[in-house]
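Taking it in order: structure first as structure tokens, then the write-up.
The values are calculated or read from the model by the stated rules, or taken from the named source; none is laboratory data. Here the structure is a predicted model, which is why all the values come from computation and not from measurement. In this analysis, Cβ positions are derived from the backbone assuming ideal geometry, glycine residues included, and neighbour counts consider all displayed protein chains.
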Amino acid sequence: MQHVIAVVLLLLSATASNAQTFEKKNFNYSKFAKGAFSEVVTVTGPAKMIYLAGIGSEDEDDGSVRHKDDFLAQCQFAWEKVGKLLKEHGATVSDIVKATTYVTDIRYRAEMRKCRTGVFAGKPLPPHTLLNVVQLARPGMMFEVDVVAAVAAR
């Protein structure tokens, strides 16, 4: 019986020592990307991945577009919604490992950057792709973002 207990304890010890811990790292290799976005994020260890659908300025109750004709307000409102959704799953914007932004006019790029700078102030910027599209899901939407986040599995 003692041999069985010893073998079980040995196996449990080996398993615990081989267990990976969660780690997320941000990297930049190009000068132009520093301060704008991370070029690469790596996630190692046991993680819970969180995928959000495209989040825009739709009202959470009736789907109507909030802040029509105000790009910055739409961007800020969408990122507030992203923050709330991530929080529901134990994450924050610091846990985002990829973001894709859609705008209906590339001339909004400066405002989009201003908005993102506010959202990520003091936090690592995730890899980011900006796409200019003709139209979003609802007439009047000027901004939409979808994100992937990773947190340590619990």
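The table that follows gives values for the structure above.
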item	result
Residue, surrounded by the most Cβ atoms within 10 Å (Cβ to Cβ), within segment 123-138, restricted to residues that are more than 13 Å from the chain's Cα centre (by Cα) and at pLDDT 95 or above	136
Criterion: of a type in the set (A, V, I, L, M, F, W, C), touching a Ser or Thr at 6+ places or on another chain (Cβ under 8 Å), farther than 24 Å from residue 124 by Cβ and part of a helix (DSSP H, G or I) - qualifying residue of 78, 73	73
Leading residue by the ranking (surrounded by the fewest Cβ atoms within 10 Å (Cβ to Cβ)) among those in segment 34-70 that are outside any loop (DSSP other than H, G, I, E, B) and among the small types (Gly, Ala, Ser)	47
Output for segment 42-80, where each listed residue is of a type in the set (D, E, K, R) and under 13 Å from the mean Cα position of the chain (by Cα)	48, 80
Any hit, segment 81-89, residues being modelled with pLDDT of 90 or more, loosely packed, with under 10 Cβ neighbours inside 10 Å and either of a type in the set (Ser, Thr, Tyr) or within 14 Å of the chain's Cα centre (by Cα) (or both)	yes
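Conditions (1) closer than 22 Å to residue 34 by Cβ; (2) among the β-branched types (Val, Ile, Thr), marked per residue:
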residue: 83; (1), (2): no, no
residue: 86; (1), (2): no, no
residue: 96; (1), (2): yes, yes
residue: 99; (1), (2): yes, no
residue: 108; (1), (2): no, no
residue: 118; (1), (2): yes, no
residue: 128; (1), (2): yes, no
